[in-house]
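Input: a single structure, listed below in structure tokens.
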């Protein structure tokens, strides 16, 4: 095989790879990965303000990884966890984003020990160096919360669906593979005065991954030389992005259910049809 036939073979592989890329749009592998900023956070920011109500003081305590899952590896066990160990950060971020921060006043509870230590340091410093008496050496009291949010990541199922498609002709082949994981978040809203669980919601999101590629294997010059060529790419949706989006959807669902149960009032809204709203969500 001469140089011209070699160029023709490489061109055919590139053409087939392009066809595989275009054809993948018609093959339903589940949710297509999307990498950039979440759309859910914008929905939270665009929510109407509270209707003649003061800001709701709320605290986030335990919101942790409850799955115990480790990163999958077929060759050896890993100590790294499959999901983030700090999902409470995104819960707080979602609450602060509601109507651009007009709904909830989030108070610090995760680092409460550090906060108490710092306040003690302020008092002792004032007494030693400023000569303030106990009566004058007082800080403003900490704000207490009327509501508490608890919960966590309760499910992470890997490889719940997988498959692929491929073809080979005269040593020229193309292939495409996909895999789907799933993450579930649960969230509870608890009244501090009574301990009653006012709301309990959950949200689930699929995590999509797929790969595609092509290869050539041909013998040249009367089967005395071999040509081998491979090309491919893979796209994996970040797990942290999926968890963040799921938490934001759980917060959005909590707000909607709270409106329907008269826990709070939203301007211009008396009742929300949850199933209709969920059908618009792209999770």
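The values are calculated or read from the model by the stated rules, or taken from the named source; none is laboratory data. Quick caveat, the model's predicted, so the values are computed rather than measured. Here the Cβ is made from the backbone with ideal geometry for all residues, glycine too, and neighbour counts use every protein chain on show.
Given the criterion in a loop (DSSP other than H, G, I, E, B) and modelled with pLDDT of 85 or more, identify the matching residue among 25, 53. Give the derivation first.
Details: 25 fails: modelled with pLDDT of 85 or more.
One residue alone meets the criteria, 53.
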Meets criteria (surrounded by fewer than 17 Cβ atoms within 10 Å (Cβ to Cβ) and over 23 Å from the mean Cα position of the chain (by Cα)) for residue 165: yes
From (1) in a strand (DSSP E or B); (2) modelled with pLDDT of 75 or more; (3) loosely packed, with under 13 Cβ neighbours inside 10 Å, pick out the condition that doesn't hold for residue 262. (1)
Can you confirm whether residue 151 is touching a strand residue (DSSP E or B) at 6+ places or on another chain (Cβ under 6 Å), surrounded by 13 or more Cβ atoms within 10 Å (Cβ to Cβ) and closer than 30 Å to residue 204 by Cα? yes
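Please state which one of 60, 89 is modelled with pLDDT of 85 or more, surrounded by 14 or more Cβ atoms within 10 Å (Cβ to Cβ) and touching a helix residue (DSSP H, G or I) at 6+ places or on another chain (Cβ under 6 Å). Spell out how you get there, then give the answer.
On the way: 89 fails: touching a helix residue (DSSP H, G or I) at 6+ places or on another chain (Cβ under 6 Å).
Sole residue among the options that is modelled with pLDDT of 85 or more, surrounded by 14 or more Cβ atoms within 10 Å (Cβ to Cβ) and touching a helix residue (DSSP H, G or I) at 6+ places or on another chain (Cβ under 6 Å): 60.
Can you name every residue in region 171-203 that is touching a strand residue (DSSP E or B) at 6+ places or on another chain (Cβ under 8 Å), surrounded by fewer than 13 Cβ atoms within 10 Å (Cβ to Cβ) and over 19 Å from residue 64 (Cα atoms)? Before you say what the answer is, go through the steps one by one.
Taking region 171-203 first, the residues touching a strand residue (DSSP E or B) at 6+ places or on another chain (Cβ under 8 Å) are 171-192, 196-203.
Now restrict to residues that are surrounded by fewer than 13 Cβ atoms within 10 Å (Cβ to Cβ): 196-197.
Passing the criteria: only 196.
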For region 170-217, which positions are out of contact with any helix residue (DSSP H, G or I) (no Cβ under 9 Å at 6 or more places or on another chain), farther than 30 Å from residue 94 by Cα and either part of a strand (DSSP E or B) or at pLDDT 80 or above (or both)? 177, 178, 211, 217
